[in-house]
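Novice: Attaching a single structure in structure tokens format; questions to follow.
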Amino acid sequence: MFTGIIEAVGKIKQVNISGDGARITVDTQSLDMSDVKLGDSIATNGICLTVVAFDEHSFTADVSNETLTRTGFAHYSANQQVNLEKAMLPTTRFGGHIVSGHVDAVATINSIKVNGNSIEYWLSMPEEIAPYIAEKGSITIDGVSLTVNSLTQDQFRLTIVPHTSEQTIMPSYQVGSKVNIEVDVMARYIERLLLKKSTTQQAPSGVTEALLMQSGFIKG
């Protein structure tokens, strides 16, 4: 489990792709590796990877064919920068939102515009995840916890403040860049609860559509 608050920007040292998947080694740069152990999880551009080898300045992880298919990893190469976040601890300050590290889709950056001291990005909204993206809701882009500021039928807009740009790989984005998207996991659970209600005519655990509306999770 992660929070979407990036701890360091690393750099890919090596990627070996085969028919069985891939093995990736990442130069962790400023990421503190002193408490990392074999089997730990490190989100790399929003993808939860399991550490199979590491030293003071790098880690190696295996990437499945499923991950290669659903994320941008198939197009990653040596020297590419990546956002890094270690799995959260029970004592971690929760500065972002609940991030699982399971990417839902890949989106394309359609436009980039400077607006005052911030930068606005319009991104494509893949049809399969459009129902889970809401204005002022949370979304994860390459592992970064962000807020959706507006959306149309097939696009959504992010407004990035200088601090976020400075701490992530976002300055490297260009029109046409591909990014990993993870929707808010709460939207997934709410959909499941409402689906269960529609098939059983009874909301589980007392969860009703009226309660969800009152809580602000859905709109009437």
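The values are calculated or read from the model by the stated rules, or taken from the named source; none is laboratory data. Note that the coordinates shown come from a computational prediction; the quantities given were computed from them, not determined experimentally. Because the Cβ atoms are built from the backbone with ideal geometry, glycine has one as well, and the counts that use them run over all protein chains shown. Just the protein is used for accessible areas: all its heavy atoms, side chains included, with ligands, DNA and RNA removed. Shrake-Rupley method; radii C 1.70, N 1.55, O 1.52, S 1.80 Å.
Novice: Scan the range 48-78 for residues that are part of a strand (DSSP E or B), over 20 Å from the mean Cα position of the chain (by Cα) and among the acidic types (Asp, Glu) and jot them down.
Specialist: Within the range 48-78, Asp55 is the sole residue that qualifies.
Novice: Ok, one more. Go through the range 65-76 and count every residue that is open to solvent by less than 60 Å² (accessible area, probe 1.4 Å) and modelled with pLDDT of 85 or more. Full working, then the answer.
Specialist: Just the residues of the range 65-76 that are open to solvent by less than 60 Å² (accessible area, probe 1.4 Å), to begin with: 67-68, 71-74, 76.
Those left that are additionally modelled with pLDDT of 85 or more: 67-68, 71-73, 76.
The qualifying residues number 6.
Novice: Are any residues in the range 166-187 assigned to a helix (DSSP H, G or I) and surrounded by fewer than 15 Cβ atoms within 10 Å (Cβ to Cβ), and if so, which ones?
Specialist: Glu166, Pro171, Ser172, Met186, listed by residue number.
Novice: Taking the range 79-97 as the search range and keeping residues that are assigned to a loop (DSSP other than H, G, I, E, B) and in contact with a strand residue (DSSP E or B) (Cβ under 8 Å, 6 or more places away or on another chain), which one is modelled with the lowest pLDDT?
Specialist: Taking the candidates together, the pick is Gly95.
Novice: Between a first residue in the range 3-16 that is without any contact (Cβ under 8 Å) to a residue 24 or more places away in the chain and a second residue that is among the aromatic types (Phe, Trp, Tyr), which pairs have beta carbons less than 9 Å apart while being 6 or more apart in sequence or on different chains?
Specialist: Close Cβ pairs satisfying both conditions: none exist.
Novice: Looking at the range 81-123 only, could you name the residues that are under 15 Å from the mean Cα position of the chain (by Cα) and without any contact (Cβ under 8 Å) to a residue 60 or more places away in the chain?
Specialist: Selection gives Leu123 alone.
Novice: Yes or no: Glu120 in contact with a strand residue (DSSP E or B) (Cβ under 9 Å, 6 or more places away or on another chain) and modelled with pLDDT under 95?
Specialist: Spelling it out, it is not the case that Glu120 is in contact with a strand residue (DSSP E or B) (Cβ under 9 Å, 6 or more places away or on another chain) and modelled with pLDDT under 95.
Novice: Related question: Which numbered condition in (1) assigned to a loop (DSSP other than H, G, I, E, B); (2) surrounded by fewer than 20 Cβ atoms within 10 Å (Cβ to Cβ) is the only one that Thr108 fails?
Specialist: The one condition Thr108 does not meet is (1).
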